[in-house]
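Written below as structure tokens is the structure these notes are about.
The values are calculated or read from the model by the stated rules, or taken from the named source; none is laboratory data. Everything numeric in this text was worked out from a predicted model, so none of it was measured. We place every Cβ from the backbone using ideal geometry, glycine too, and count neighbours over all the protein chains shown. Keep in mind that these areas ignore ligands, DNA and RNA; they rest on the heavy atoms of the full protein, side chains included. Shrake-Rupley method; radii C 1.70, N 1.55, O 1.52, S 1.80 Å.
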Amino acid sequence: MVEVEALTKRYGTLEVLKGVSARFEPGRVTAVVGPNASGKTTLMKCILGLVVPDGGAVRVHGENALGNPAVRAKIGYMPQDPRFPENITGREVVAWIQELRGSRGRDLESLIERFGLEAALSQPTRVLSGGTRQKLSALLAFLFDPPVLILDEPTAGLDPLASSRFKDLVAASRDAGKTIIMTSHVMSELEELADRVLFLLEGTVIFSGGLEELRERTGEAKLERAVARLMEGA
Ligand code: ADP
């Protein structure tokens, strides 16, 4: 369970989060949607402790997460554009993170196989394509079996096979009771995975609830159209 309460963040005069409150439940995939620059990434970074909010609270499993880096160990994160130290191989990145975490993690070999990363792991990360970096990022996010997963545009750049295997992993993680927070521009993909929707517009929550409730509220069956309705009404 992740909770944010009255979260505010501004950059100079730009108010990016204007008092965002939300609950992200275990065993659910919550899709965070909204137009560009509505504050989705900032919200996720506040939960991760990568951005310090100006006000409000963040709790992960009931524990205050602000200024509490230990909470980070409970969260697997896939950033939008993953970057790794360029001159070391993928395998060395994995070993380095294992050492930092003081744990080997779980199912490394099966994650390597799932994403077809065997060959890529012996290459320096600078030569990896965006999609392959994304797969390495997925492997690292899931390796330590964290109870919370924050996935920011996780399938951007993945080929159809990797994307499909990734979605299977997300669904299995949801069924195993993980709390999953995800963004994507691909509404059909969110529709496939998400149970709940948090719609942000200019740093304000416009809708928070189940997919069914969103359909009822907007009279639209498809998530893409339902979100468009919300945008028109806002
Ligand atoms: P989204 O993920 O919904 O596209 P973001 O949270 O990335 O939105 O960004 C929200 C707004 O905050 C944007 O206008 C962006 O330019 C601005 N912003 C994000 N990070 C910074 C930063 N470090 N400094 C200044 N402005 C920022």
Checklist outcome for this item: Residue pairs qualifying under the 6 Å Cβ cut-off, at least six apart or on distinct chains, with the first in segment 166-194 being closer than 26 Å to E113 by Cβ and the second being charged (D, E, K, R) and part of a helix (DSSP H, G or I), are I180/R174
Checklist entry - Just one of the numbered conditions (1) farther than 22 Å from T42 by Cβ; (2) in a loop (DSSP other than H, G, I, E, B) is not true of R174; which one? => result (2)
Checklist entry - Here are some residues: I75, I88, I97. Which one is among the β-branched types (V, I, T), away from the ligand (no atom under 15 Å from the Cβ) and free of Cβ contacts under 8 Å to residues at least 40 places away in the same chain? => result I88
Checklist entry - Any idea which of (1) at pLDDT 95 or above; (2) open to solvent by 10 Å² or more (accessible area, probe 1.4 Å); (3) over 12 Å from G76 (Cβ atoms) is the one L136 doesn't satisfy? => result (2)
Item to check | segment 13-23, residues that are surrounded by 23 or more Cβ atoms within 10 Å (Cβ to Cβ) and either assigned to a loop (DSSP other than H, G, I, E, B) or more than 15 Å from the ligand (Cβ to nearest atom) (or both) | outcome: none
Checklist entry - Applying the selection to segment 54-77, what residues are part of a loop (DSSP other than H, G, I, E, B) and in contact with a Ser or Thr (Cβ under 6 Å, 6 or more places away or on another chain)? => result D54
Checklist entry - What are the residues in segment 37-50 that are open to solvent by 20 Å² or more (accessible area, probe 1.4 Å), hydrophobic (A, V, I, L, M, F, W, C) and either part of a helix (DSSP H, G or I) or more than 7 Å from the ligand (Cβ to nearest atom) (or both), if any? => result L50
Next on the checklist: I need the full set of residues from segment 132-161 which are within 11 Å of the chain's Cα centre (by Cα) and more than 16 Å from E118 (Cβ to Cβ), in order please.
Outcome noted: A141, V148, L149, I150, L151, D152, E153, P154, T155
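Here's the yes/no breakdown for (1) touching a strand residue (DSSP E or B) at 6+ places or on another chain (Cβ under 9 Å); (2) more than 18 Å from T41 (Cα to Cα):
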site: R196; (1), (2): yes, no
site: G203; (1), (2): yes, no
site: S208; (1), (2): yes, no
site: R215; (1), (2): no, yes
site: G219; (1), (2): no, yes
site: L223; (1), (2): yes, yes
site: R229; (1), (2): no, yes
Checklist entry - Across segment 114-142, what is the total count of residues that are in a helix (DSSP H, G or I) and either within 16 Å of E86 (Cβ to Cβ) or touching a residue at least 40 places away in the same chain (Cβ under 8 Å) (or both)? => result 18
Item to check | Hits in segment 143-166 (condition: within 21 Å of A120 (Cα to Cα) and open to solvent by 20 Å² or more (accessible area, probe 1.4 Å)) | outcome: F144, A156, G157, L158, D159, P160, L161, S164, R165
